[in-house]
Amino acid sequence: MSRLIVVSNRVNPPTDRGEGTAGGLAMALAAALREYSGMWFGWSGQTIDEYTGKIAVQKVGGVTVATVDLEDQDRQEYYNGYANKTLWPLFHYRVDLTAYERSFDEGYKRVNTRFAEALAPLIAPEDFIWIHDYHLIPLARELRRLGVKNKIGFFLHIPWPARRLMATLPKHRQLVEALFEYDLVGFQSEDSVTAFEDYVVQEAKGTVSRERRASAFGRSTRIGAFPIGLDAEHFVEAATSQEAEMMQGRMRSSMAGRKMIVGVDRLDYSKGLEERFLAYEQFLADNAEQLEKVFFLQIATPSRDEVEAYQEIRARLDGVSGRINGAYATVDWVPIRYVNRGYRRDELAGVYRAGAIGLVTPLRDGMNLVAKEYVAAQDPKDPGVLILSRFAGAAEQMKDALIVNPFSREDVSDAIKRALAMPRPERIKRWEALVDGVKTDDVAAWRDSFVAALRETAAPALQVVSGD
Ligand code: ADQ
């Protein structure tokens, strides 16, 4: 039987479904692997003095995981370097934060080679391989060099940037060329597919067929949009669990009848947190009658804190939230509650459910699963309103949210005002359409459509083996 081998930078399946510190990607992949017999391969997150290539295999939360340890130099050059100081900012349109260093390039290539060498012996001829995210773009090329002939798919969780931005990356052609070693390349949104097609046609002088086969560099690959979804059924369950109800109760008693606006994000400059704080300040300035009637809870878990840009944004947010609270707080009201810690998923669901508004305003985001979680957690009889950035991949699907431009304080401030005043029937109507989409286009639909598309690219002999 063919197995599914999932490869991502970090391997961190949640140990139970309520647990909450795993990111969106981890939750989605664990859900996918529980359904297919297979394996999840990647970095353990640990560093050792000298790389050994030794693979540790274990079963975590019903998922077989195989991990390797890396060296500290790998962490610096590959993970903190090329992945998070070069590709992440560039793909999120932050050319100003994008750093290029030759050692980053070398580290990126070295770790992709190490991954390929460790993984190749574990691959059986009929396995399908599904590689995730910007850390591992060259992995298929390295596997092919080692003679791996299996079908290999790639999914990019973050946006694909506009052609002119991509062209600012030194050696961008090599990076894009590496994608043509895959049988299928999936993006989160049509917006990203279009940007990729534009690069293929304008920059690489290639072609894209009507069936979305991209050809360039003397090779071709299938491309398409596969918007990621939630493990929706379980998230809805989590929202009515005992833990969620306890959290909601805790929130309610601290709210003193006030309405809550809620934001939950990794602490990342792409999430538009500073702009969000300033838009909320604008709302307070524009709507004096709302003072003391509403408050904003922002939960932002620190991440990538070895990277300077993350230390800076954290310091800036401390400053801005402190300033706004200093200007507006009264003895018994604080306008912004700003919390820097992680919560379990079921607790988070309770927090979302207590929020009259879910404020999700990234400046750029591949998808944004928080928007979907907020919707999934709502009380059907009295749902809150989702305010969503037009620059999140999720905006292509969630058209019944209040869609805003996160760069415009006025726009976000007006949307908050409108959401607070929205009559219950309209809230219910919008929410019903949204939750329908979240449940239909869930993580299983995402996984199945990607794997089916990858299988379709399979050679006839492989299809016979896999029983299709
Ligand atoms: P992220 O940038 O991590 O993911 P997102 O999709 O919003 O962004 O997922 C964040 C996840 O972390 C959510 O599941 C959320 O509940 C969780 N989380 C955030 N803060 C938390 C906290 N304080 N405590 C506990 N959990 C918290 C990347 C891309 C996205 C894409 C996903 C999946 O950047 O665009 O949607 O991958 O493809």
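Hey, could you check segment 307-362 for residues that are assigned to a loop (DSSP other than H, G, I, E, B), touching a strand residue (DSSP E or B) at 6+ places or on another chain (Cβ under 7 Å) and more than 9 Å from the ligand (Cβ to nearest atom) and say which is farthest from Leu386 (Cα to Cα)?
If we take residues in segment 307-362 being assigned to a loop (DSSP other than H, G, I, E, B), touching a strand residue (DSSP E or B) at 6+ places or on another chain (Cβ under 7 Å) and more than 9 Å from the ligand (Cβ to nearest atom), then Val334 is farthest from Leu386 (Cα to Cα).
Could you pull out every one of the helices (runs of 4 or more DSSP H) wholly within segment 183-275 that has 3 or more residues that are open to solvent by 40 Å² or more (accessible area, probe 1.4 Å), aromatic (Phe, Trp, Tyr) and touching a Phe, Trp or Tyr at 6+ places or on another chain (Cβ under 9 Å)?
Values: elements: 190-198, 232-239, 242-255.
Those helices (runs of 4 or more DSSP H) do not exist here; none qualify.
Checking Pro125 against (1) in contact with a helix residue (DSSP H, G or I) (Cβ under 7 Å, 6 or more places away or on another chain); (2) on the phi < 0 side of the Ramachandran plot; (3) at pLDDT below 95; (4) not β-branched (Val, Ile, Thr), which test does it fail?
Exception for Pro125: condition (1).
Scan segment 284-302 residue by residue and report those that are touching a Phe, Trp or Tyr at 6+ places or on another chain (Cβ under 9 Å) and open to solvent by less than 20 Å² (accessible area, probe 1.4 Å).
Result: Leu284, Val294, Phe295, Phe296, Leu297, Gln298, Ile299, Ala300.
Here is a yes/no grid of residues against (1) of a type outside the set (Ser, Thr, Tyr); (2) touching a strand residue (DSSP E or B) at 6+ places or on another chain (Cβ under 6 Å); (3) modelled with pLDDT of 95 or more:
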position	(1), (2), (3)
Leu386	yes, yes, yes
Ala394	yes, no, yes
Asn405	yes, no, yes
Ile416	yes, no, yes
Pro423	yes, no, yes
Val435	yes, no, yes
Val438	yes, no, yes
Asp441	yes, no, yes
Arg447	yes, no, no
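Which one is most open to solvent (accessible area, probe 1.4 Å) among residues in segment 372-400 that are of a type in the set (S, T, N, Q) and not in a strand (DSSP E or B)?
Gln397
Yes or no: segment 401-422 includes at least one residue that is within 13 Å of the ligand (Cβ to nearest atom) and open to solvent by 10 Å² or more (accessible area, probe 1.4 Å).
Step one: list which residues in segment 401-422 are within 13 Å of the ligand (Cβ to nearest atom), which gives none.
No: segment 401-422 contains no residue that is within 13 Å of the ligand (Cβ to nearest atom) and open to solvent by 10 Å² or more (accessible area, probe 1.4 Å).
Hey, among Glu106, Glu77, which residue is at pLDDT 95 or above, surrounded by fewer than 17 Cβ atoms within 10 Å (Cβ to Cβ) and not polar (S, T, N, Q)? Explain how you work it out, then say what you get.
Working: Glu77 fails: surrounded by fewer than 17 Cβ atoms within 10 Å (Cβ to Cβ).
Just one listed residue meets the conditions, Glu106.
Could you tell me how many of the residues in segment 326-360 are out of contact with any helix residue (DSSP H, G or I) (no Cβ under 8 Å at 6 or more places or on another chain), farther than 15 Å from Leu273 by Cβ and open to solvent by less than 50 Å² (accessible area, probe 1.4 Å)?
Counting residues in segment 326-360 that are out of contact with any helix residue (DSSP H, G or I) (no Cβ under 8 Å at 6 or more places or on another chain), farther than 15 Å from Leu273 by Cβ and open to solvent by less than 50 Å² (accessible area, probe 1.4 Å) gives 3.
The values are calculated or read from the model by the stated rules, or taken from the named source; none is laboratory data. In this text the structure is predicted, and so the values were computed from the model without any measurement. Here Cβ is always computed from backbone atoms with ideal geometry, including for glycine, and neighbour counts include all displayed protein chains. All accessible areas refer to the heavy atoms of the entire protein, side chains included, with ligands and DNA or RNA removed. Shrake-Rupley method; radii C 1.70, N 1.55, O 1.52, S 1.80 Å.
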